[in-house]
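Asker: Shown below is the structure under consideration.
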Amino acid sequence: MDETLAKHYLEDSISNFRGYKKLAERAFEQVSDDEFFRAIDEESNSIAVIIKHMAGNMLSRWTDFLTTDGEKPDRNRDMEFVITTSTTRSEMMERWETGWRYTFDAIETLKPEDAMKTVVIRGKEHTVVEAINRQLTHYSYHIGQIVFLAKHFKSAEWKSLSIPRNKSADFNAYLTEKATEDKTPGHRFDAAQDFIKSRSQESESRSQKG
C-alpha cells in the first residue's frame, strides 16, 4: 500500500474509533443505573453486557496485536455476557476505558509500512487493514445497539446524538456556513453535536430577548 494512503488510513481509523467511543459515551451518560443494567427481553443484552463484551474483545484483539493471535487463550468470551448482582456501573466503565486504552495504544503505534503486514485472528490471516476494519465494524455494530437501548429507555427525554428530525436542510446549511468560516468540526458526530448545541443556544437567546 502506498505510504501516504496507509498513513491516511491509520489516521482516519483512529478518528473513527474515537468518534464511536464518544458516541457511545454520549448515549449511556443519559441513562440511569437501572437502565444501564436493564435488558429489554431475555434474549437481549443490556448496555452493561455490551460494554463488558466489547472490553473483553478489545483486550484480546489488541494485546500484542502484530505478534500474537487476536483470540487469546485466556479469554473467556462466554463470561463477557454474564453480569452478577454485585457488578457496578463504575466497574463496567473502568473496563470500557481499559479496553479503549489497549485499542488506541495498539493502533497509534502502527506505522504506514505495517498496513499490509499479516496478523492472525482465530487462526485466520488478515492484513492489518483487514483486522482494523473487522474491529471498527464490530464496535460500531455494538455501539449502535447501545444508542438504540439508551434512546429506547429515555424516549421523549432523549437528547439527540445525530441530526434531529426535519433538520437536515438546516444542518447542511450549518456545515456550509462553518466551511466558509473554516471551522468545520473534525468528525461527523462532533458536527451534529455542535449543530444541536448552536441551535439550542440560538433558541435560548431568542427566548431571553422575547
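Asker: From the list 149, 161, which one is touching a helix residue (DSSP H, G or I) at 6+ places or on another chain (Cβ under 9 Å) and at pLDDT 95 or above?
Answerer: Only one candidate passes the filter, namely 149.
Asker: In addition: What residue, of 12, 34, is at pLDDT 95 or above and either within 27 Å of residue 131 (Cβ to Cβ) or outside the structural domain of residue 136 (by TED's automatic domain parsing) (or both)?
Answerer: None of the other options fit; the residue is 12.
Asker: Right, another one. For the condition closer than 19 Å to residue 8 by Cβ and exposed (fewer than 14 other Cβ atoms within 10 Å of the Cβ), what is the one hit in 118, 109?
Answerer: Checking each option against the conditions leaves just 109.
Asker: Right, something else. Which of the residues that make up the range 46-61 are touching a residue at least 24 places away in the same chain (Cβ under 8 Å) and farther than 19 Å from residue 30 by Cα?
Answerer: If the condition is that a residue be touching a residue at least 24 places away in the same chain (Cβ under 8 Å) and farther than 19 Å from residue 30 by Cα, then 53, 54, 55, 56, 57, 58, 59, 61 are the ones that fit.
Asker: Could you look through the range 96-118, keep only residues that are in a helix (DSSP H, G or I) and small (Gly, Ala, Ser), and pick out the one that is nearest to the chain's Cα centre (by Cα)?
Answerer: 99
Asker: Out of all the residues in the range 16-34, which are of a type in the set (Gly, Ala, Ser) and surrounded by 13 or more Cβ atoms within 10 Å (Cβ to Cβ)?
Answerer: 19, 24, 27
Asker: Output the residue which, of all residues in the range 60-69 that are over 17 Å from residue 101 (Cβ atoms) and surrounded by fewer than 15 Cβ atoms within 10 Å (Cβ to Cβ), is nearest to the chain's Cα centre (by Cα).
Answerer: By that ranking, first place goes to 66.
Asker: Would it be correct to say that residue 72 is in the same structural domain as residue 112 (by TED's automatic domain parsing) and either assigned to a helix (DSSP H, G or I) or surrounded by 17 or more Cβ atoms within 10 Å (Cβ to Cβ) (or both)?
Answerer: No: the conditions fail for residue 72.
Asker: Residues of the range 22-45 being under 22 Å from residue 87 (Cα atoms), under 16 Å from the mean Cα position of the chain (by Cα) and touching a residue at least 60 places away in the same chain (Cβ under 8 Å), which ones?
Answerer: 24, 26, 27, 28, 30
Asker: Then there's this: Does residue 36 qualify as being out of contact with any Gly (no Cβ under 8 Å at 6 or more places or on another chain) and not in a loop (DSSP other than H, G, I, E, B)?
Answerer: Yes, satisfied.
Asker: If I filter the range 39-70 down to residues being in contact with a Gly (Cβ under 9 Å, 6 or more places away or on another chain) and polar (S, T, N, Q), which single residue comes out as farthest from residue 113 (Cα to Cα)?
Answerer: Restricting to residues being in contact with a Gly (Cβ under 9 Å, 6 or more places away or on another chain) and polar (S, T, N, Q), the top hit is 57.
Asker: Of the numbered conditions (1) at pLDDT 90 or above; (2) loosely packed, with under 11 Cβ neighbours inside 10 Å; (3) in contact with a Ser or Thr (Cβ under 9 Å, 6 or more places away or on another chain), residue 123 satisfies every one except a single condition; which is it?
Answerer: Only one criterion is unmet by residue 123, namely (3).
Asker: Based on what the data block shows, is residue 43 within 30 Å of residue 131 (Cβ to Cβ), at pLDDT below 95, not in a helix (DSSP H, G or I) and not polar (S, T, N, Q)?
Answerer: yes
Asker: Oh, and also: Condition first: within 30 Å of residue 3 (Cα to Cα), crowded, with 16+ Cβ neighbours inside 10 Å, at pLDDT 95 or above and not aromatic (Phe, Trp, Tyr). Can you find one or more residues in the range 88-100 that meet it?
Answerer: Scanning the range 88-100 turns up at least one residue that is within 30 Å of residue 3 (Cα to Cα), crowded, with 16+ Cβ neighbours inside 10 Å, at pLDDT 95 or above and not aromatic (Phe, Trp, Tyr).
The values are calculated or read from the model by the stated rules, or taken from the named source; none is laboratory data. Everything numeric here is computed off the predicted structure, so don't read it as measured data. When we count neighbours, we look across all protein chains shown, and the Cβ atoms used for this are built from the backbone with ideal geometry, even at glycine.
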